[in-house]
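Okay, so here's the structure we're looking at.
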Amino acid sequence: MKKTASGAVILLFLFFTGIILFTLTKCKSPSGTTVNDLRVEYMKNPVGIDAIQPRFSWKMESNERGVSQTAYTIVVSTDKNFKKTVWNFGEVFSGQSVAIAYGGAALLPATRYFWKVEVKDQALNKIISKEKAFFETGLMNSGWSNAQWIKPLQRDSILTVPMFRTTCKLDKKIRSARIYTSGLGIYEVFINGKRIGASVENGEMRYDEFKPGWTDYTRTVSYSTCDVKDWLKTGDNVIGAYVAPGWWGGGIAHDKYGSPDLGFIAKLVVNYTDGTSEVIVTDPKTWKYSVDGAIRQGDIYNGEVYDARKESAWTSSGYDDSAWQTCSVNTDFKGEIKAFVGPTVQVRKQLERTPVKITRYDGITNDGSDFGKINVKETYNKPPVTISLPKGQTLVYDMGQNMTGWVKLKVKGNAGTQVTIRFAEMLNDEGQKSRGDDGPGGSLYRINLRSAKAMLEYTLKGDKKGEEYQPSTTFFGFRYCDLTATDSIEIESLTGEVVGTASEEVGTFSTGNSSVNQLFSNIIWGQRSNFLSIPTDCPQRDERLGWTGDIEIFGRTASYNADLAAFFQKWMGDMRDSQRDDGAFPSVAPHCWVGWGQAAWAEAGIIIPWTTYLMYDDKGILEENYPAMEKYMTFLANQSDEKYKYNGAGTDYGDWVSYVHTDSRYISVCYYAYATLLMEKISLALSAGKDDEYAQKAVSYRNLYNQIKQEFLSRYTNKDGMLTQDTQTAYLLAIKLDLFTTEAVRQQATDHLQKLITDNGNKLNTGFVGTGIMMPTLSDAGLIDIAYNLLLQRENPSWLYSVDQGATTIWERWNSYTKETGFNREIGMNSFNHYAYGAVAEWLYRYVAGINPDENRPGFKHILLNPTPDFRTTFPDGQKQIKQAEATYNSYYGVIRSAWQIEDAGNVKYDITIPANTTATLRLLLPNEQSEAFESGMPAKDAKGVVSVSKENGKLIIELASGNYSFEVR
Ligand code: BGC
């Protein structure tokens, strides 16, 4: 943002608009407005960022109506008291408070910068941020001071977990210290006997799991920065680290990253109070390794083997490491080491689960079924403090919730006793092969894990006071686990720890219908379970990959559920790294398996940046990825053959796991049109003026879309204009992408789509592609009632069907399990935790509650609020009207709330919150032409904050300034 000569004109303009708005909204000077939630690069007080021009954001908060920002002043300094200012550009007359790029002196590496912002509201009151806000730069290409990737000379197995250690003497008083680390494999670092972590606001420690996270290791690995001053001392110090295969080695890597050797790199910078400093780095001469630690093996798919008898004080000084060996150098990694971006993977303490039921059984009883059933000895519904488990018996734990993570065990027993814990999402029900069971009734159903062993083996050290264990090198997708031991033991407790990317959850949704609320909860848990460093397909079987199609379908929903601004920025780096030379985006990112350039999967490379832009006003993600997107468009252009010019991408997946087949090539062509339409929008978003390069590109993408449409029409429509592909998915795509000749034909197609659904008993029959767009497309086409019918459908296939079968997460298939017939026989692909079908929550937020960003003023600076209550007058059998719904979304401008309630007299109440520094256009359906809107009892047009009220096509259109409102339409 530049201050120019036209600044004064802008000031005058803003001043007068302020006055007009001020008058229109009859707003008094707001008291109590605050400026909060200061962020840099979408994170609170990030440490170790390498962005050259980090972007700032903040929120204005106020209970008053009509509050907005007219100017801001950002000050950045290297000291807390703002004496050594590096950026103070003066006042900028703008309402923007998201993604404002730093424009001061070049940032120095490894430096903490403090910042504050002063805002002027619409009445020119000054509001100064009170938070202690800072960001700290990482290495910023200042180098690793000759640190080397160290590795063990030898390991017994590719799953062995080596430990590395070095000692160093720090002989002066320490002023500050940072350690920069990365791993080839996942790693953990300890200094002087203590695991390193970051202290967070409330004095608690934040520990990051599975560092360095998953990237395309052929090109990029992330490094972490940690303030370790409190870990070090003057005198002798020890740094220790262990590295497990993680995503770099083991089965999940699919042999992608070269030799199976693991690696660790570190640079410790210690600044003394006398102004001198010292640097300690990984180096094979000064670091030693051992493969004889307590973690005997660790692997994502298979689990962890841990022998507590091998625990030692290897990360403390005084430990005798004479049996340890000298390291060698790992040269496998040829890419770039980049600062980690975004939220880390953590144990999410607030989500910890205690078992809802524990069953102890002894062997199998023959009940005439194929496998028999477990012979239950005792059921503990309220888990007791301690359970005695005799040798030979088994405990089955039910966490009551399908989830991703691991268990924490507190156990007492003899040294050398081996405890085995196995994980599963479901229990076998009747022990019958005909129901798809893989074992006795009541035992774990594990056949859907395919080759993933998914288990823990823990050997007790025999501590009389009891011992505690949780793994760190693996994770499981599970609701249930069973536990056996080679000798009798006492279990003091076993709890479920949820592990995943700790992105802030920002969305809520509820209705008066408890099944819909359970569905929403299942969607949230699907996201918690599958956002683990990258967006994955599932957390349990031998897959857990960054399937691009799944996030392409679910991305919009996901970004309402959680703040994904930084997460998507990082993942798009994986997409670019994994893009093939011909421009094809991969089917899994980071790429490690299967192919590239498959329709509806590869287009995630365009859809995700667009979504991120809409939700967070992040133009940067569009700019950064534009060349890669264009390269993909070139790939698409090259898919022509003698007969057809516009074939689109590959046809491997089509409408994945649908009930009715839609031709895959048809889907590819539609997605080509889809990508082209988005490229037009993206180009326009980046264009600064009518004739610039982006504007011209937008025109050429529009032309391309028209040509694709022409070929589509001749290829896929009949004489009457209707589609040759007579499926729900085909019609949904063509309606969404405007692939009909005239409005009349489009209407005919919409009627036909409605018929396809009603003839199917008000049921969908779509897969990933059709389901992802089903509800918004129906609503946009005016078929809101049909959408409600589908939402509340309980028969297979439907969203509530799995809810009725007891689901606590979203399933891969509509009927992964049914009470009537048992498990789906497609055992190779029968995950109980696949988020794609959860895409229906996009419709709950955007249509039922109606919370939408405005493409022209994205990031919710202007909000399009289009709540669409359940106004059905006829209902399919067994369905009832939803009388009330509520959603909140904590945008980068603050919390937006939309709630409605249909009262018995038919009047509808709408409670609305528009955050400070935003405006909204509220569109309300009018029951009839005479209906009027009232706000807090008075005619809406007279209410404070209401800028205008008009009627258009059976809707009331109300322009709103910020604030809380209570409307009634009667
Ligand atoms: C994954 C899916 C994925 C699909 C594509 C499956 O194995 O679990 O979610 O999109 O493969 O073929």
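Side notes on the structure shown:
- Contact order relative to length of the chain, as percent, for alpha carbon pairs under 8 angstrom and 6 or more apart: 10
- With a Cα cut-off of under 14 Å and a minimum spacing of 8 residues unless on different chains, the lysine pairs in the range 628-735 number 4.
- Taking a straight line from the alpha carbon of Lys941, these aspartates and glutamates sit under 14 Å away, with near neighbours fewer than eight places off in the same chain left out: Glu932, Glu959, Glu968.
- Gap separating the Cα centres of the range 158-210 and the range 892-970, nearest whole Å: 53
- The Rg/Rh ratio for the range 769-880, using Cα coordinates for both the radius of gyration and the Kirkwood hydrodynamic radius, is 1.04.
- Note on Ser142/Asp332: beta-carbon distance plugged into 1/(1 + (r/R0)^6) with R0 of 22 Å gives a FRET efficiency of 0.35.
- Rg and Dmax [Cα atoms of the range 516-599; Å; Rg one decimal, Dmax integer]: 13.3, 45
- Mean-position separation - Cα centroids, the range 302-334 and the range 603-665, in angstrom: 45
- The rule of thumb for compact globular proteins, 2.2 N^0.38 Å, goes into the C-alpha radius of gyration of the range 73-143 1.21 times.
- Nearby aspartates and glutamates by direct alpha-carbon distance to Lys373 (threshold 14 angstrom, same-chain neighbours under 8 apart not counted): Asp362, Asp429, Glu430, Asp437, Asp438
- Binned Cα-Cα distance frequencies in the chain - 10 Å width, integer %: 2, 11, 19, 23, 21, 15, 7, 2, 0
- In the range 36-82, the inverse of the mean reciprocal separation of distinct Cα atoms equals 12.9 Å; this is its Kirkwood hydrodynamic radius.
- Each semi-axis of the equivalent ellipsoid for the range 91-191 is √(5λ) with λ an eigenvalue of the Cα gyration tensor; in descending order they amount to 44, 18, 14 Å.
- Overall, the accessible surface of the chain at a probe of 1.4 angstrom is composed of carbon and sulfur to the extent of 48 percent.
- Over the chain, dividing the summed -39,500 (n - 2.57) contributions of all DSSP H runs of at least 4 residues by the number of residues returns a 222 nm mean residue ellipticity of -6500 deg cm²/dmol.
- Placing dummy labels 7 Å off each Cα toward the beta-carbon, the span from Ser157 to Thr85 is 6.2 nm.
- Rounded to the nearest 20 debye, the dipole size of the chain about its Cα centre is 2160 debye, using +1 on the Cβ of Lys and Arg and -1 on the Cβ of Asp and Glu.
- Viscosity 1.306 mPa s, 10 °C: Kirkwood-radius Stokes-Einstein D of the range 410-557 over Cα pairs, µm²/s: 89
- Asp726/Arg825 FRET efficiency (R0 41 Å; Cβ-Cβ; nearest 0.05): 0.90
- Net length available on complete extension from Gln325 to Val895 is 199.6 nm, with 0.36 nm assigned per residue and the Cα-Cα distance removed.
- Between amide H atoms placed 1.01 Å from N, distances below 5 Å from Ser891 occur with Ile896, all of them 5 or more places distant or on a separate chain.
- Over 26 Å between alpha carbons, listed pairs Lys130/Lys338; Lys44/Lys211; Lys285/Lys461; Lys357/Lys410; Lys126/Lys944; Lys233/Lys334: Lys130/Lys338; Lys285/Lys461; Lys233/Lys334
- Per-residue extension of 0.36 nm, minus the Cα-Cα distance of Val356 and Lys408, leaves a gain of 17.2 nm for this segment.
- The convex hull built on the alpha-carbon positions of the range 624-693 has an orientation-averaged projected area of 6.4 nm².
- Alpha-carbon radius of gyration plus Dmax, which is the widest Cα pair, for the range 829-970 in Å: 16.2, 58
- FRET E, pair Thr73, Asp911, Förster distance 30 Å, beta-carbon r, rounded to 0.05: 0.30
- Here the range 264-335 yields Rg over Rh of 1.06, to two decimals, using C-alpha coordinates and the Kirkwood radius.
- The mean accessible area for residues of the chain, using a 1.4 Å probe and ignoring ligands and nucleic acids, is 38 Å² per residue.
- Potential lengthening of the chain between Glu468 and Asn202 amounts to 93.2 nm, from the contour at 0.36 nm per residue minus the alpha-carbon distance.
- Residue (of Leu704, Val407, Thr326) at the positive-pole extreme of the chain, dipole from beta-carbon charges: Thr326
- For the range 450-456, putting each phi into the Karplus relation 6.51 cos²θ - 1.76 cosθ + 1.60 with θ = phi - 60° gives couplings of 6, 8, 5, 6, 6, 8, 10 Hz, in residue order, rounded to whole numbers and with x for Gly and Pro.
- With the biggest extent put first, the Cα atoms of the range 440-514 measure 50, 33, 26 Å across the principal axes.
- Size of the range 32-126 from its Cα atoms: along the principal axes, largest to smallest, the extents are 43, 23, 21 Å.
The values are calculated or read from the model by the stated rules, or taken from the named source; none is laboratory data. Since this is a predicted model, take the numbers as computed values, not measurements. Don't worry about glycine lacking a Cβ; one is built from the backbone with ideal geometry, like all the others, and counts go over all protein chains shown. Just so you know, the surface numbers come from the protein's heavy atoms only, side chains and all, with ligands and any DNA or RNA stripped out. Shrake-Rupley method; radii C 1.70, N 1.55, O 1.52, S 1.80 Å.
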